[in-house]
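Taking it in order: structure first as structure tokens, then the write-up.
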Amino acid sequence: GESVGLHLPTLSVQEGDNSIINCAYSNSASDYFIWYKQESGKGPQFIIDIRSNMDKRQGQRVTVLLNKTVKHLSLQIAATQPGDSAVYFCAERSGGGADGLTFGKGTHLIIQP
Amino acid sequence: ETGVTQTPRHLVMGMTNKKSLKCEQHLGHNAMYWYKQSAKKPLELMFVYNFKEQTENNSVPSRFSPECPNSSHLFLHLHTLQPEDSALYLCASSPRANSNYGYTFGSGTRLTVV
């Protein structure tokens, strides 16, 4: 079956460095991808999205890259700050008429001072 | 606040109790969702409502019963739950289902079944 997963459960980076969080997906019919951030005690918060007809999209300090050939998605966070500490999830929409997003397990980003 | 409000924030219930979770959104969205978030597992889609109509039930046990009286409100009625149902229950909304829009999530209800 289809699955969306993250390569690492925990990522530790130094404050000020760039962070890269990776995600693999298996459904080649997926046409829409989103990154969410979840802080402790809160619900997931939308960060950035990308449609399958694009391979890169930039936001404020964040960039999402999509490689459809290898079914890989990544989130790059520039100049990581303490407030970036959270669990990051990738999610996909299968595009086959199914409602609902499918989420990966999440990567816990830890910022070292 | 995100515009999606869930109540209560915390709930402890016995296995024979009946309780309800409430979700309300003021974003003008037409689709609403229930997700279950358990430790060390991905978010699991439970139900999808689009324009008040249920469009997806992701093989959820009948002890969970959703209700969507209008596009702004969503309930999850709970009865005879099991301890393994303890989890964070998240509500989300989007402009409409089956479309390329991100979801807006509430903060969730932390449910503990004893």
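The values are calculated or read from the model by the stated rules, or taken from the named source; none is laboratory data. Please read these numbers as outputs of a predicted model, since none were measured by experiment. So basically every Cβ, Gly included, is an ideal-geometry build from the backbone, and we count neighbours across all protein chains shown.
Considering each residue of segment B:57-83, count those that are without any contact (Cβ under 8 Å) to a residue 12 or more places away in the chain and at negative phi, and give that number.
Total satisfying the criteria: 4.
Can you tell which of A:T10, A:T69, A:T107 is exposed (fewer than 13 other Cβ atoms within 10 Å of the Cβ), within 14 Å of chain B (Cβ to nearest Cβ) and on the phi < 0 side of the Ramachandran plot?
On the way: A:T69 fails: within 14 Å of chain B (Cβ to nearest Cβ); A:T107 fails: exposed (fewer than 13 other Cβ atoms within 10 Å of the Cβ).
Only one candidate passes the filter, namely A:T10.
Could you list, in sequence order, the residues of segment B:1-54 that are in contact with a strand residue (DSSP E or B) (Cβ under 9 Å, 6 or more places away or on another chain), more than 10 Å from chain A (Cβ to nearest Cβ) and of a type in the set (D, E, K, R)?
Within segment B:1-54, B:K18, B:K19, B:K22, B:E24, B:K36, B:K52, B:E53 qualify.
Could you check B:L90 against (1) surrounded by 15 or more Cβ atoms within 10 Å (Cβ to Cβ); (2) modelled with pLDDT under 95 and say which number it fails?
Of the numbered conditions (1) surrounded by 15 or more Cβ atoms within 10 Å (Cβ to Cβ); (2) modelled with pLDDT under 95, the odd one out for B:L90 is (2).
One residue is enough: does segment B:74-87 have a residue meeting the conditions more than 9 Å from chain A (Cβ to nearest Cβ), of a type in the set (A, V, I, L, M), closer than 19 Å to A:F103 by Cα and surrounded by fewer than 18 Cβ atoms within 10 Å (Cβ to Cβ)?
no
Mind checking which strands (runs of 3 or more DSSP E) fall wholly inside segment A:9-113 and carry at least 1 residues that are β-branched (V, I, T)?
Ranges flagged: A:10-14, A:19-25, A:32-38, A:45-51, A:62-67, A:72-77, A:86-93, A:107-112.
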